[in-house]
1. Once fully extended, how much extra length lies between residue 173 and residue 45, figured as 0.36 nm per residue of separation less the alpha-carbon to alpha-carbon distance?
2. With every protein chain left in place and a probe of 1.4 Å, what is the accessible surface of residue 43, to the nearest 10 Å²?
3. In what order, largest first, do 42, 138, 186 sit by accessible area if the probe radius is 1.4 Å?
4. Which of rounded, prolate or oblate describes region 46-201 when judged by the alpha-carbon gyration tensor and an a/c cut-off of 1.5?
5. Just flag the GluC sites (Glu not before Pro) in region 133-179 sitting in loop per DSSP whose Cβ has no more than 13 other Cβ atoms within 10 Å.
6. Over region 38-175, calculate the relative contact order: mean separation of alpha carbon pairs under 8 Å at least 6 apart, over the residue count, as a percent.
7. Subtract the Cα-Cα distance of residue 201 and residue 165 from 0.36 nm times their separation in residues, and report this length gain in nm to one decimal.
8. Could you give the accessible area per residue of region 70-201, probe 1.4 Å, as a whole number in Å²?
Amino acid sequence: MPKICSMKKWLVLFLLIIGSTHAQTAKMELLSKIADEICNDITSNNVTIRSEQLLGVYMLKAVNTNKAAVDKLYGADLYENEQAFEAFGEELGTYMGFKCPEVFVAFFAEYEGEQEVAINNVEGQLIKINEGQFLTFIVQEATGKKHEFLLLYDFETAYLLTDSLLKTKDKIEVSYYVTQIYDPKIGKFVNYNVVTYIQSK
């Protein structure tokens, strides 16, 4: 009997893990779908997002269109739970950032115009370029210290990377600022070095 009970416990645990994984996958697919709809709505109408309120209008529009699916996966009380709804909005915003970062350019410009942003500079050798949903690259200083940078939006010399004019081992100087971006894979905000200027040395 103890062996049977033990097997039943493992079976229940296995089914719970499978169910949890399926639910998480469904949420990711739904967030991706809603993000696509928001991005398409904004870009197809040539809308410039300069405020959080305007972005919220387009996000709520797409969420309401998918209300049945949202209610099923997040619960019908999501809209009444301010903390949960805020977390949902942050996750959705992250997916949008991957799919249509250009939508946030004017918004970030307005936001940064209201706040002082510390711009840092690093000079070193370009040792690696990673091309995924976002382009990231690593620079190593003469001291051996390494820095990873994120190309989030367009700027005057971004073409050096986007047009593949820079190669590994090239010496460059990078201007950047540090900001926090929500990472849904680990469920928390992470510091990123966002590039504002690149100069080949």
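1. Details: separation 128, 0.36 × 128 = 46.08 nm, distance 3.76 nm.
Roughly 42.3 nm would be gained on extension.
2. 60 Å²
3. Working: 42 0, 138 35, 186 100 Å².
My answer, sorted largest first, is 186, 138, 42.
4. On the way: a/c = 2.44, a/b = 2.12, b/c = 1.15.
Prolate.
5. Details: sites: 141, 148, 156, 173; in loops: 141, 156.
Answer in residue order: 141, 156.
6. About 21 percent, as a whole number.
7. On the way: separation 36, 0.36 × 36 = 12.96 nm, distance 1.29 nm.
Answer, rounded to one decimal: 11.7 nm.
8. Details: 7990 Å² over 132 residues.
For region 70-201, the per-residue accessible area is 61 Å².
The values are calculated or read from the model by the stated rules, or taken from the named source; none is laboratory data. Predicted model, so just to flag it, every value in this text is computed and none were measured. Note that we place each Cβ from the backbone using ideal geometry, even for glycine, and neighbour counts take in every protein chain shown. These area figures cover heavy atoms from the full protein model, side chains too; ligands, DNA and RNA do not enter into them. Shrake-Rupley method; radii C 1.70, N 1.55, O 1.52, S 1.80 Å.
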